[in-house]
Amino acid sequence: MRPSGRACFSGNGYVYATRAEEIAKEQGIKRIARLASNENPFPPSPKALQCAEKALQEVNRYPPEVHRTLVKAFAERFGYPSVVLGNGMDGVIETVLRTLIDPGDRVVIAQPTFSFYGVAATAQSASVVSVPRRSDFSVDIPAFIRACQDAKLAFLCTPNNPTGTFTPLEEVREILDATDTLLFLDNAYIEFAAADYLGLMQENDHLIIGRTMSKAYSLAGLRLGYAFVPAWFETSYLRASTPFAVNRVTAAAAEGALSDQSHVTRIVTHVRHWRRRFLEECGNRAYPSEANFILIDVAPLKGDEVMERLAARGIMVRSCASFPGLGDHFIRVSVGEAWENELFLREIAVL
Ligand SMILES: *Cc1c(COP(=O)(O)O)cnc(C)c1O
């Protein structure tokens, strides 16, 4: 019998921002505004590049299995000792699932949110339990807690992709106090927010905080994710992990990037400035955001339609139609360089 892919992958998987780029290229547009993937529009810190270049000299050797100096650098900067690494936070998410999930275990997800939790949990043969967010995209805390009762793991993204919603610290604490289920807080965009959740690590042994060097640190192409984990979780994670999941060029670049906080400060200032302008100019169609992107309601138009129209004018945004539980009339636009943002604001106003 001819082999075939598993049934759980027959539907839509992870959505990449390629369609908009194809359309822009068909129009012959050379200078495309890349506002579809929440990337950092600015190049990495020169320190990151220097460190990466140096590490390249040694790639005939396998990297260290545990990148101790990088782990130590994270631990010292953020003041919490147990840190694990992965091939992007996507890699961390996958390894966390591999560490914990037996077939049929329940995994709770507050939707609409980042789609990879569902894809990766399903791949692990988990049973995914969706908890719908409220109409303003805040988390329905009582419903989330109820869903956690017989679950192994729960994912909560804050600031949430694609809505930008920040879940207040007190609400996260309420969840942690009410349940023993391991909570994975996805903080991919935390550097752009007004507060973080690190203090909760000290008080809880069922909390994981996932972070990435892909957004604020401009290293999306090198794939480095990390997580603060309870001490008891560390050894199992390392055993479940793909051997040498993080290469030495990436680890070196991350260490260099981490040592240059002025780069992060610059991008955060830029993002906050433009986020305010996007919100002002898009009025009540835009949702408040603590991330480097904004969710915009484009009804009565459809997200796909707006994505295509903007693409034809050289602007890539993300249609949110593929996010389960969101509806088909939203787009997500990332804060880019000034010229990209200006172009977007001009075109969205006359759409
Ligand atoms: C971008 C993103 C990630 C993944 O980041 P990588 O480190 O690039 O894998 C994880 N979670 C959310 C919510 C994201 O938006």
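The values are calculated or read from the model by the stated rules, or taken from the named source; none is laboratory data. A quick note: this is a predicted structure, and the numbers were derived from the prediction, not measured. We place every Cβ from the backbone using ideal geometry, glycine too, and count neighbours over all the protein chains shown. Heavy atoms of the whole protein, side chains included, go into the accessibility calculation; ligands, DNA and RNA do not. Shrake-Rupley method; radii C 1.70, N 1.55, O 1.52, S 1.80 Å.
Yes or no: the stretch 152-174 includes at least one residue that is surrounded by fewer than 19 Cβ atoms within 10 Å (Cβ to Cβ), modelled with pLDDT of 95 or more and of a type in the set (A, V, I, L, M).
Checking the stretch 152-174: at least one residue is surrounded by fewer than 19 Cβ atoms within 10 Å (Cβ to Cβ), modelled with pLDDT of 95 or more and of a type in the set (A, V, I, L, M).
Looking at this structure, is A147 closer than 29 Å to E39 by Cβ and in the same structural domain as L222 (by TED's automatic domain parsing)?
Spelling it out, it is not the case that A147 is closer than 29 Å to E39 by Cβ and in the same structural domain as L222 (by TED's automatic domain parsing).
In the stretch 98-113, is there at least one residue being surrounded by 19 or more Cβ atoms within 10 Å (Cβ to Cβ), within 16 Å of the ligand (Cβ to nearest atom), in a loop (DSSP other than H, G, I, E, B) and assigned by TED's automatic domain parsing to the domain that holds G210?
Yes, some residue in the stretch 98-113 is surrounded by 19 or more Cβ atoms within 10 Å (Cβ to Cβ), within 16 Å of the ligand (Cβ to nearest atom), in a loop (DSSP other than H, G, I, E, B) and assigned by TED's automatic domain parsing to the domain that holds G210.
Kindly evaluate E39 against the criterion of being more than 16 Å from the ligand (Cβ to nearest atom) and either among the β-branched types (V, I, T) or open to solvent by 50 Å² or more (accessible area, probe 1.4 Å) (or both).
no
In the stretch 184-232, which residue that is more than 10 Å from the ligand (Cβ to nearest atom) and small (G, A, S) is most open to solvent (accessible area, probe 1.4 Å)?
Only one residue fits best here, namely A194.
Working carefully through the options T250, T235, find the one that is of a type in the set (V, I, T) and more than 16 Å from the ligand (Cβ to nearest atom).
Every option except T235 fails the conditions.
Tell me which residues, restricted to the stretch 221-257, are closer than 23 Å to E58 by Cα and of a type in the set (D, E).
E255
Please list, ordered by first then second residue, the pairs with beta carbon atoms under 7 Å, 6 or more apart or interchain, first in the stretch 52-68 and basic (K, R), second open to solvent by less than 100 Å² (accessible area, probe 1.4 Å).
K54/A252
Does the stretch 16-36 hold any residues that are in a loop (DSSP other than H, G, I, E, B) and either within 16 Å of the ligand (Cβ to nearest atom) or crowded, with 17+ Cβ neighbours inside 10 Å (or both), and which are they?
Passing the criteria: Y16, A17, I32, L35, A36.
Name the helices (runs of 4 or more DSSP H) wholly inside the stretch 233-313 in which the number of residues that are open to solvent by 10 Å² or more (accessible area, probe 1.4 Å) and farther than 30 Å from K30 by Cβ is 2 or more.
In the stretch 233-313, the matching helices (runs of 4 or more DSSP H) lie at 248-258, 261-282.
Among the residues of the stretch 79-97, what is the count of those that are closer than 20 Å to L258 by Cα and either of a type outside the set (A, V, I, L, M) or not in a helix (DSSP H, G or I) (or both)?
12
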